[in-house]
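What follows is calculated from the coordinates using simple rules that are stated; it is not laboratory data. Quantities reported herein were computed from a predicted structural model and do not represent experimental measurements. Methodologically, a virtual Cβ is constructed for each residue, glycine included, from the backbone with ideal geometry; neighbour enumeration extends over all protein chains shown.
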Amino acid sequence: MLAEYKALSDRIAAAAPPDGRDREKIEATFRETMDNWFQQKLVVIWDYHADGNAIIRRICEETPPGLYNRVMGLQNIKGTGLDFVYSFQRWERCRHACDRLRDDDPAEVEQGLRELSGFQEYNILCEEYVRETLDRVKAAPAAQTERFQAELTMIRSNLDTAMKRISRTDESSGGQGGWFMKIIDFIEALRDAGDAVRRRKIADRIYRDLADERIGHERASMALQALNKRQKGGWLRGRVFGWRRRGG
């Protein structure tokens with residue numbers, strides 16, 4: 001793109017006071033260049049089974065280092081777009097918990113520790129800030145108790161487990177394609193009616209457990225989000241990749 005810009009700029013600068021034909025040619029080249037640059041800004045996520053982490057990684061890959069990128073997405077909110085939104089909602093909750101843990105107020109610190117200890121929805125947006133927070137808080141005066149250090153260790157362990165799971169998911173989704181995926185998707189389509197019945201039963205059980213206070217709102221939300229994601233398809237892929245990982 002930089003080379004195209006320089007070539008166009010040099011051509012305009014070197015042009016004599018344009019007559020009608022030269023002006024038309026330069027304007028046509030300019031319009032064509034602007035159109036090409038605009039088209040390059042449109043990035044299509046062809047894999048409709050991609051999760052929020054995969055989309056965020058793609059955005060990072062498309063953004064040159066050191067530049068600020070403003071992203072606008074066009075997508076039916078159900079499915080791929082929905083999980084992308086969920087990723088930022090999870091990051092927001094994680095960030096707030098970390099900020100409390102970094103606070104100077106002991107009450108805020110305790111609240112942040114409780115929230116982060118119970119947090120189970122880490123994604124790639126969370127990793128850097130959580131690790132920085134743990135390293136910073138570990139040596140704080142308020143953290144110099146056995147209970148506090150144990151909580152920090154558990155938080156780090158939960159984060160490590162989540163990042164490994166995300167890495168395995170990326171490897172699985174990136175390592176298979178073509179006819180193998182088509183066969184899996186075909187089999188899934190045949191079996192999806194039965195899975196829809198199971199999804200409905202699971203959803204009913206989640207609501208009953210929530211109403212009876214056997215599970216909390218956060219756990220119920222996570223379970224229902226997983227069901228919504230399963231509804232859009234790709235559940236058999238996940239199961240097959242899980243079998244392959246355990247077998248390999």
- line: Taking 0.36 nm per residue of separation between LYS182 and LEU8 and subtracting their Cα-Cα distance, the length gained on full extension comes to 58.1 nm
statement: Placing one equal point scatterer on each C-alpha of the stretch 82-166 and summing with Debye, one gets log10 I(q)/I(0) at q = 0.16 Å⁻¹ equal to -0.56
query: Using alpha-carbon positions, what is the distance between the centroids of the stretch 201-220 and the stretch 111-156, in Å?
result: 27
- line: One finds, for GLN120 and ALA211 with R0 = 22 angstrom and r their Cβ-Cβ distance, a FRET efficiency to the nearest 0.05 of 0.55
Cα-based radius of gyration of the stretch 1-147 once divided by 2.2 N^0.38 Å, which approximates compact folds: 1.67
